[in-house]
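Data block below; observations after.
The values are calculated or read from the model by the stated rules, or taken from the named source; none is laboratory data. Just so we're clear, the structure is a prediction, and the values are computed from it rather than from any experiment. Cβ atoms come from the backbone with ideal geometry, glycine included; neighbour counts cover every protein chain shown.
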Ligand code: AMP
C-alpha cells in the first residue's frame, strides 16, 4: 500500500493505469463498518483508494472535533491488510489551499435531520467529498447507509453537478447487540455502552415514534431528533456527550 500525504503524491500514485478505481473516504478510527466498504471496493475494482482525513469543516463543535478518536497506525495496518492500494492522508493545507472560501451548498434536505442540529455540517461534508472525488476520480465511491442523509446528499450532488462516478450505498454494520458501529462509540463509558444498543432496539421495535421517544428518554438518552421520512425512521440521540445516529427501514 502506498501512503501519500500530498495532492501531488496522490496524482503520481494514480498515474499508473487501473481497470477501475474504487474509493472509500473516511475520517479514521476505523472499524468493521469501514472495513465492509473497503472489502466491497477491493472486490469490485482493479484498484482501491482510501482516504483518512478528519475534516474540520464538517464539525460544528470544537469539542467534538478535539475529542474525535484518532488511530493512524492501526488504520493504516487495517487498510493494508484489506488490500487497499493507495491511502491518502492529507492535512488541512492540502485539502483547503484556498482556505475554505469555496463551498458546496445544498438548500433543502441538508437543513433537516442532522443538518437542523449541526449547522454547516453538510456544507463541510459535500465540499470535502467533492474535492476528494475530483482528486481521486474513481469509477465507484462507497458510502455507508449509517449516514443515510449524507449518502443521499452526495448522490444528489453527483446528479446536480453531472459527476461521472457511481455512488454505492453499503448496509449498516452492527455490533452483535445491534448497536451501529461508529468511531464515536469509542468515547462511550462502559455504562453508556451498555445502554447504547437500546437505540436500535427501539427504532426497530415497530412502536410509535411517541412511544420510542418516551422509552429512549426513560433509558437516559437525550433525543435530538426522531423522524420518519423516505420510508425510514431516523434518530440522533445523546448518551452523555456522545451523539449517536441510526436509521432503519419502516
Ligand atoms: P466516517 O469515518 O465516520 O466519516 O465514515 C466513513 C464511511 O464509513 C461513511 O460512508 C460511513 O457512512 C461509513 N460507515 C461508518 N460506520 C458504518 C457502519 N457501522 N456501517 C456501514 N458503514 C459505516
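Among what's in the range 182-223 and is within 15 Å of residue 33 (Cβ to Cβ) and assigned to a helix (DSSP H, G or I), pick the residue that is nearest to the ligand (Cβ to nearest atom).
Within the range 182-223, the match that is nearest to the ligand (Cβ to nearest atom) is 183.
If you go through the range 136-181 and keep only what is over 17 Å from the mean Cα position of the chain (by Cα) and part of a helix (DSSP H, G or I), you end up with 136, 159, 160.
The set of residues in the range 27-64 being loosely packed, with under 15 Cβ neighbours inside 10 Å and under 16 Å from residue 183 (Cβ atoms) consists of 32, 61, 63. Annotation note: Cβ proximity below 6 Å between a residue of the range 66-81 that is closer than 11 Å to residue 54 by Cα and a residue that is part of a helix (DSSP H, G or I) (sequence gap 6+ or interchain) occurs for 69/183; 69/186.
Taken as a whole, the condition of being free of Cβ contacts under 8 Å to residues at least 24 places away in the same chain and surrounded by 14 or more Cβ atoms within 10 Å (Cβ to Cβ) applies to residue 175. The set of residues from the range 115-142 being within 12 Å of the ligand (Cβ to nearest atom) and more than 23 Å from residue 13 (Cα to Cα) comprises 121, 124, 125. Being in the same structural domain as residue 141 (by TED's automatic domain parsing), free of Cβ contacts under 8 Å to residues at least 40 places away in the same chain, within 11 Å of the ligand (Cβ to nearest atom) and surrounded by 15 or more Cβ atoms within 10 Å (Cβ to Cβ): is that true of residue 24 here? In short, no. On the given criteria, is residue 90 within 25 Å of residue 171 (Cβ to Cβ) and touching a residue at least 24 places away in the same chain (Cβ under 8 Å)? So residue 90 does not fit the description; no. Residue by residue through the range 21-58, note down the ones that are part of a loop (DSSP other than H, G, I, E, B) and within 29 Å of residue 97 (Cβ to Cβ). Answer for the range 21-58, where residues must be part of a loop (DSSP other than H, G, I, E, B) and within 29 Å of residue 97 (Cβ to Cβ): 27, 28, 29, 30, 45, 53, 54, 55. All of (1) without any contact (Cβ under 8 Å) to a residue 24 or more places away in the chain; (2) more than 16 Å from the ligand (Cβ to nearest atom); (3) in the same structural domain as residue 133 (by TED's automatic domain parsing) hold for residue 163 with one exception: (1).
Which residue is farthest from the chain's Cα centre (by Cα), if the candidates are limited to the range 206-226 and must be closer than 13 Å to residue 238 by Cβ and loosely packed, with under 14 Cβ neighbours inside 10 Å?
Ranking the candidates gives 217 first.
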